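> So that we are looking at the same thing, I have put the structure below in structure tokens.
FYI, it's all coordinate maths here, none of it is from the lab. Remember, it's a predicted structure, so these values are computed and weren't measured experimentally. Because the Cβ atoms are built from the backbone with ideal geometry, glycine has one as well, and the counts that use them run over all protein chains shown.
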Amino acid sequence: MDPLTHSALGAAVAGLTAGKKSDLRAPACGALAGALPDIDIIPTLFLGPMSQLDIHRGFTHSIVFAALTAPLLGLVIYRLDPKKGISHSFPTWVFIVLLGILSHIFLDCFTSYGTRIFLPFNNCRVAWGTIAVVDPLFSIPVLFSALSLFLFRQNENIRKRLFAAGLALGLVYLAATVLNKDHVETVFRDSLADQKIRFVRLMTTPMPFTNFLWVGIAEGDEFFYTGYYSNLDGNDDIRFEKDRKNHEYISDLSGYTGIRKLISFAKDFYTIDKREGKLIFNDLRYGSLAAGSGGEKQYLFSYTITNDRGKLKIFRTGRLRLTTDMLLRLFRRIAGEK
């Protein structure tokens, strides 16, 4: 999720925890705690392209980090509190910080990116894939709930109602995304069966900005089958595009750490293309929003691999930039236009 949503959720959780004693300090500290795990983005700005795979959503997004950081940050806040023990006790500040950090960690688990919450004991990425990284229908109510704590200090009745309504709407919507994913997977499986497409794995994830448009990737023996489904489609017929895996192109590079990291990050949902003597690693999990100048598909995460006499270089291919035309096509597809 985006930092603003994480901060808003942290502030709302802090307001809920502090209860009647809530003042501006509690939601402000909750907002800080809610944004804190994304501090791991900073080192990726100065390191190589593979650093994001190693660092982001790593240790700072783990339960251990939350458990270690909450007492330390809670102590700092308590020491700086001019009303020590009157507004909030030390354990209360620790609890506020802990819930703020955990709200960030577990919200990220609902996306498809992958969050390593069990570090340092286990490196697996938890990715439930029920909500997009940016989804205004979740973010706006939660942001509204958090802002009510700051903007309506003088009217407690209005503040309570707006706070409760915004937080409830956000959480109900988040729960609805879980139910919607179950429905969407059923639609994809039925459509694959109707078209007699044999597959061993299926992954579904919402497209950016919405929970109504989904991409489904089914893995066959030699191909991946990618289709799109909107809850607003007039029927459940899904047209699948077929992409050859070409995994054999990197079979002799499987011993390289960088290659293993890419495969793990993509959860094995990837294809390999050859362009101008270079290998292109395409992460399929978010679908293809655009086509390049040569008509090739463009993906959110694509990496170019070069091998110069055993010296492997991996760098991220030009980042996908959303254009007005892409957004219009996206919203038309959400509306059911195939």
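> Pairs to check: Lys267/Lys311; Lys196/Lys245; Lys196/Lys313; Lys267/Lys313; Lys181/Lys274. Give those whose C-alpha atoms are more than 29 Å from each other in this structure.
Lys196/Lys313; Lys181/Lys274
> Given the options Ala67, Gln298, Pro82, identify the residue whose Cα lies farthest towards the positive end of the charge dipole of the chain (+1 on Cβ of Lys, Arg; -1 on Cβ of Asp, Glu).
Pro82
> Quick one: Debye curve from the C-alpha atoms of segment 186-279, no solvent, what's log10 I(q)/I(0) at q = 0.17, 0.19, 0.21 Å⁻¹?
So the normalised log intensities are -0.82, -0.95, -1.06.
> Taking R0 as 35 Å, what's the FRET efficiency between Phe152 and His183 from their Cβ-Cβ distance, rounded to 0.05?
Computed FRET efficiency for Phe152 and His183 comes out at 0.40.
> Additional query: Please work out the ratio of the alpha-carbon Rg of segment 118-209 to 2.2 N^0.38 Å and round it to two decimals.
Computed over Cα atoms of segment 118-209, the ratio equals 1.55.
> How would you rank 150-159, 204-213, 93-102, highest first, on the average number of other Cβ atoms within 10 Å across their residues?
Result, highest mean Cβ count within 10 Å first: 93-102, 204-213, 150-159.
> I've got another one for you. Does anyone have the angle between helix 156-194 and the longest principal axis of the chain? Alpha-carbon axes, 0 to 90°, nearest 10?
Between the helix axis and the principal axis of the chain, the angle is about 20 degrees.
> Cα convex hull of the chain: mean projected area in nm², to one decimal?
19.6 nm²
> Can I ask one more? For segment 227-287, what class follows from the C-alpha gyration tensor (a ≥ b ≥ c being the square roots of its eigenvalues): rounded when a/c is under 1.5, otherwise prolate if a/b is larger than b/c, else oblate?
Cα axes put segment 227-287 in the prolate bin.
> Can you give me the convex hull volume of the Cα atoms of segment 1-125, divided per residue and expressed in Å³?
100 Å³
> Another question, if that's okay. Using a Förster distance of 22 angstrom, determine the FRET efficiency expected from the C-beta separation of Asn307 and Asn123, and round it to 0.05.
Step by step, r from the Cβ atoms, then E = 0.30.
> Jot down the per residue volume, in cubic angstrom and as a whole number, of the convex hull over the alpha-carbon atoms of segment 226-338.
Per residue, the Cα convex hull of segment 226-338 comes to 113 Å³.
> Placing +1 on the Cβ of each Lys and Arg and -1 on the Cβ of each Asp and Glu in the chain, which of Gly336, Ala168, Ile101 has its Cα farthest towards the positive end of the resulting dipole?
Ile101
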